[in-house]
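Visitor: Okay, here's the structure, questions in a sec.
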Amino acid sequence: MKPDLFEAPDYYNIDDLLTEEHKLIRESARAWVKRDVSPIIEEAAQTATFPKSIIPGLAEIGAFGPYIPEEYGGPGLDQISYGLIMQEIERGDSGVRSTASVQSSLVMYPIWKYGTEEQRQKFLPKLASGEFMGSFGLTEPDHGSNPGGMVTNFKDMGDHYLLNGAKLWISNSPFCDIAVVWAKNEEGRIHGLIVERGMEGFSTPETHNKWSLRASATGELIFQDVKVPKENLLPNKSGLGAPLGCLDSARFGIAWGAIGAAMDCYDTALRYAKERIQFGKPIAAFQLQQKKLAEMITEITKAQLLALRLGQLKNEDRATSAQISMAKRNNVDMAIKIAREARQILGGMGITGEYSIMRHMMNLESVITYEGTHDIHLLITGLDITGENAFK
Ligand code: TGC
Ligand code: FAD
């Protein structure tokens with residue numbers, strides 16, 4: 001892969017709206033991605049391997065639970081810092097950002113918000129340092145967009161719970177130490193349970209042959225009469241709103257992360273267009289290529305402003321789920337379109353691993369599907385503005 005020459009576009013001087021702390025946090029994440037992710041990520045993706053060597057670095061830049069308070073081992077940052085860290089990581093690779101998103105918003109967040117003090121003390125510091133890695137089991141083979149239909153269930157056996165069922169498409173599953181699993185009790189109410197590797201009847205087979213997110217490990221979570229200690233139930237929230245609350249946090253991070261992937265594609269295409277000569281001129285001098293680049297920077301700028309405003313609302317605890325859905329949908333769609341256009345600017349070179357664009361494009365096919373598909377987020381906006389539910 002070519003050396004990482006990334007320079008971040010900031011067409012509207014959005015940096016002026018950030019604090020010095022935000023900029024420092026972003027710079028340290030950016031420098032880490034250049035130093036530790038860019039040199040290894042192409043090979044990791046080509047060989048479909050999650051590069052475990054980057055786990056300590058992710059912890060060091062605060063990517064595991066950026067907003068988790070310091071008393072639980074987190075850095076205690078605000079939501080804009082969380083977004084900026086996700087942006088920088090996804091600038092490197094969406095799969096690496098996936099690992100951080102799951103750890104932060106889908107594993108640490110529910111333990112912090114819905115767990116007991118003992119659970120927080122036991123798990124959060126180890127998750128923040130990367131000593132423990134987590135996964136999040138909501139999706140099932142027959143229940144993706146409709147998680148409320150899940151069949152994974154647990155029974156109260158007196159001194160423990162007995163868990164049965166299966167989860168599919170689970171990021172981090174093949175190597176996770178713990179899984180936050182959503183299952184129904186005997187009354188059909190959804191609860192979160194912390195399942196630990198080594199519990200009898202719990203297995204995590206890997207899903208192979210992905211053309212997308214190849215540097216992220218994806219797999220199943222299978223539960224066959226798993227005895228889960230009662231102290232592993234998350235007691236402080238139940239119902240579908242509990243996992244969906246975690247998704248709000250993860251979707252917020254994706255809205256920022258997608259900007260990173262788009263910025264990388266734009267920056268690569270702009271540099272290439274200025275250097276590549278055809279018909280005696282740099283291709284950047286042709287109107288058709290300028291149209292692509294001008295539209296890219298326009299869309300990136302709009303997405304940056306959307307994410308920043310959402311971050312401000314989230315810092316004030318005023319961001320609604322529907323606002324988060326709009327940003328996730330818009331920004332991922334923006335990024336995938338930019339990846340496709342940027343790939344064309346590079347001509348044949350665009351399909352090679354010399355450049356990051358094709359990898360981003362393929363990764364974004366997962367990002368536009370997970371955490372709620374493009375269509376589901378549109379229906380969430382539709383419901384919010386009309387009051388009419390078009391899901392069912
Ligand atoms: P519905 O009846 O609308 O709602 C059920 C209950 O949940 C509440 N609620 C929310 N709470 C918090 N945050 C949200 N975003 C919420 N949305 C809804 C709602 O108020 C209600 O509460 P209550 O107290 O009245 O019971 O539920 P529904 O069954 O009609 O489904 C709605 C729908 C389709 C929007 C929802 O289920 C959905 O978002 N589907 C998409 C599924 C999804 O996003 N799955 C993601 C799996 S995890 C993943 O993809 C990780 S990828 C990780 C990575 O690598 O980065
Ligand atoms: P389906 O729900 O079957 O949807 C298929 C199509 O139908 C989509 O286009 C959808 O928009 C459309 N559709 C569905 N319902 C409606 C409707 N009511 N109206 C109109 N159109 C509709 N899940 C986890 O729990 N944890 C994870 O860590 C995780 N990681 C993932 C990693 C990867 C790489 C991938 C690909 C997925 C991951 N997922 C994870 C699962 C992901 O959240 C689901 O794939 C996603 O929610 C969609 O579910 P589905 O694939 O079953 O598609």
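Visitor: Could you check, for the stretch 283-294, whether at least one of its residues is away from ligand 1 (no atom under 16 Å from the Cβ), loosely packed, with under 15 Cβ neighbours inside 10 Å, under 26 Å from N363 (Cα atoms) and not small (G, A, S)? Working first, answer last.
Guide: The initial filter retains those residues of the stretch 283-294 that are away from ligand 1 (no atom under 16 Å from the Cβ), namely 283-294.
Applying the additional criterion that residues be loosely packed, with under 15 Cβ neighbours inside 10 Å yields 285-288, 290-291, 294.
In the following step, the residues that additionally are under 26 Å from N363 (Cα atoms) were identified as 290-291, 294.
Subset that is not small (G, A, S): 290-291.
Within the stretch 283-294 (the criterion being away from ligand 1 (no atom under 16 Å from the Cβ), loosely packed, with under 15 Cβ neighbours inside 10 Å, under 26 Å from N363 (Cα atoms) and not small (G, A, S)), the answer is yes, since at least one residue qualifies.
Visitor: Looking at the structure I just gave you, is G353 away from ligand 2 (no atom under 13 Å from the Cβ) and either open to solvent by 60 Å² or more (accessible area, probe 1.4 Å) or in contact with a helix residue (DSSP H, G or I) (Cβ under 6 Å, 6 or more places away or on another chain) (or both)? It would help to see each step written out before you state the result.
Guide: Working: away from ligand 2 (no atom under 13 Å from the Cβ): yes; either open to solvent by 60 Å² or more (accessible area, probe 1.4 Å) or in contact with a helix residue (DSSP H, G or I) (Cβ under 6 Å, 6 or more places away or on another chain) (or both): yes.
Yes.
Visitor: When you look at N209, is it within 30 Å of A63 (Cα to Cα), more than 15 Å from ligand 1 (Cβ to nearest atom), under 25 Å from the mean Cα position of the chain (by Cα) and of a type in the set (S, T, N, Q), yes or no?
Guide: yes
Visitor: Further question: Can you name the condition, by its number, that G348 falls short on among (1) more than 16 Å from ligand 2 (Cβ to nearest atom); (2) of a type outside the set (V, I, T); (3) open to solvent by less than 30 Å² (accessible area, probe 1.4 Å)?
Guide: Tallying (1) more than 16 Å from ligand 2 (Cβ to nearest atom); (2) of a type outside the set (V, I, T); (3) open to solvent by less than 30 Å² (accessible area, probe 1.4 Å), G348 fails exactly one: (3).
For every residue, the table says whether it meets (1) in contact with a helix residue (DSSP H, G or I) (Cβ under 8 Å, 6 or more places away or on another chain); (2) open to solvent by less than 30 Å² (accessible area, probe 1.4 Å); (3) more than 25 Å from A307 (Cα to Cα); (4) in contact (Cβ under 8 Å) with a residue 60 or more places away in the chain.
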position: M1; (1), (2), (3), (4): yes, no, yes, yes
position: E7; (1), (2), (3), (4): yes, no, no, yes
position: D15; (1), (2), (3), (4): yes, no, no, no
position: I61; (1), (2), (3), (4): yes, yes, no, no
position: G65; (1), (2), (3), (4): yes, yes, no, yes
position: I68; (1), (2), (3), (4): yes, yes, no, yes
position: I89; (1), (2), (3), (4): yes, yes, no, yes
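Visitor: A follow-up question, please. Looking at the stretch 103-117, is at least one residue over 20 Å from I54 (Cβ atoms), surrounded by fewer than 16 Cβ atoms within 10 Å (Cβ to Cβ) and small (G, A, S)?
Guide: No, because not a single residue in the stretch 103-117 is over 20 Å from I54 (Cβ atoms), surrounded by fewer than 16 Cβ atoms within 10 Å (Cβ to Cβ) and small (G, A, S).
Visitor: Now for a different question. Looking at the structure I just gave you, is K184 over 14 Å from K227 (Cα atoms) and in contact (Cβ under 8 Å) with a residue 60 or more places away in the chain?
Guide: Values: over 14 Å from K227 (Cα atoms): yes; in contact (Cβ under 8 Å) with a residue 60 or more places away in the chain: no.
Considered against the rule, which asks whether it is over 14 Å from K227 (Cα atoms) and in contact (Cβ under 8 Å) with a residue 60 or more places away in the chain, K184 comes out as no.
Visitor: Go through the stretch 60-113 and report how many residues are over 30 Å from I357 (Cβ atoms), away from ligand 1 (no atom under 11 Å from the Cβ) and of a type in the set (A, V, I, L, M).
Guide: Summing the residues that are over 30 Å from I357 (Cβ atoms), away from ligand 1 (no atom under 11 Å from the Cβ) and of a type in the set (A, V, I, L, M) in the stretch 60-113 gives 4.
Visitor: Sticking with this structure for a sec: Can you tell me which residue is nearest to I376 (Cα to Cα) among those in the stretch 305-330 that are crowded, with 21+ Cβ neighbours inside 10 Å and among the small types (G, A, S)?
Guide: Looking at residues that are crowded, with 21+ Cβ neighbours inside 10 Å and among the small types (G, A, S), I get S325.
Visitor: How about the stretch 326-354: which of its residues are charged (D, E, K, R) and under 22 Å from the mean Cα position of the chain (by Cα)? Quick ask: steps written out before the conclusion?
Guide: Pass one, the stretch 326-354, residues charged (D, E, K, R): 328-329, 333, 337, 340-341, 343, 354.
If the condition is that a residue be charged (D, E, K, R) and under 22 Å from the mean Cα position of the chain (by Cα), then K328, R329, D333, K337, R340 are the ones that fit.
Visitor: Check D225 against each of (1) within 14 Å of ligand 1 (Cβ to nearest atom); (2) open to solvent by 30 Å² or more (accessible area, probe 1.4 Å) and name the one condition it does not meet.
Guide: Of the numbered conditions (1) within 14 Å of ligand 1 (Cβ to nearest atom); (2) open to solvent by 30 Å² or more (accessible area, probe 1.4 Å), the odd one out for D225 is (1).
Visitor: Quick one: count up the residues across the stretch 356-392 that are of a type in the set (G, A, S), more than 14 Å from ligand 2 (Cβ to nearest atom) and touching a residue at least 40 places away in the same chain (Cβ under 8 Å).
Guide: Applying the first criterion (of a type in the set (G, A, S)) to the stretch 356-392 yields 356, 366, 372, 382, 387, 390.
From what is left, the residues that are more than 14 Å from ligand 2 (Cβ to nearest atom) are 356, 387.
Adding the requirement that they be touching a residue at least 40 places away in the same chain (Cβ under 8 Å) leaves 356.
Counting residues in the stretch 356-392 that are of a type in the set (G, A, S), more than 14 Å from ligand 2 (Cβ to nearest atom) and touching a residue at least 40 places away in the same chain (Cβ under 8 Å) gives 1.
Visitor: Here is a follow-up. Cβ contacts < 6 Å: first residue among the aromatic types (F, W, Y), restricted to the stretch 160-176; second residue in a strand (DSSP E or B), any location; separation 6+ or different chain. Result?
Guide: From the stretch 160-176, the pairs are Y161/F154; Y161/V228.
The values are calculated or read from the model by the stated rules, or taken from the named source; none is laboratory data. What you are looking at is a predicted structure, and each value in this text was computed from that prediction instead of being measured. So basically every Cβ, Gly included, is an ideal-geometry build from the backbone, and we count neighbours across all protein chains shown. When the accessible area is computed, the model is the full protein with side chains, heavy atoms only, and any ligands, DNA or RNA have been set aside. Shrake-Rupley method; radii C 1.70, N 1.55, O 1.52, S 1.80 Å.
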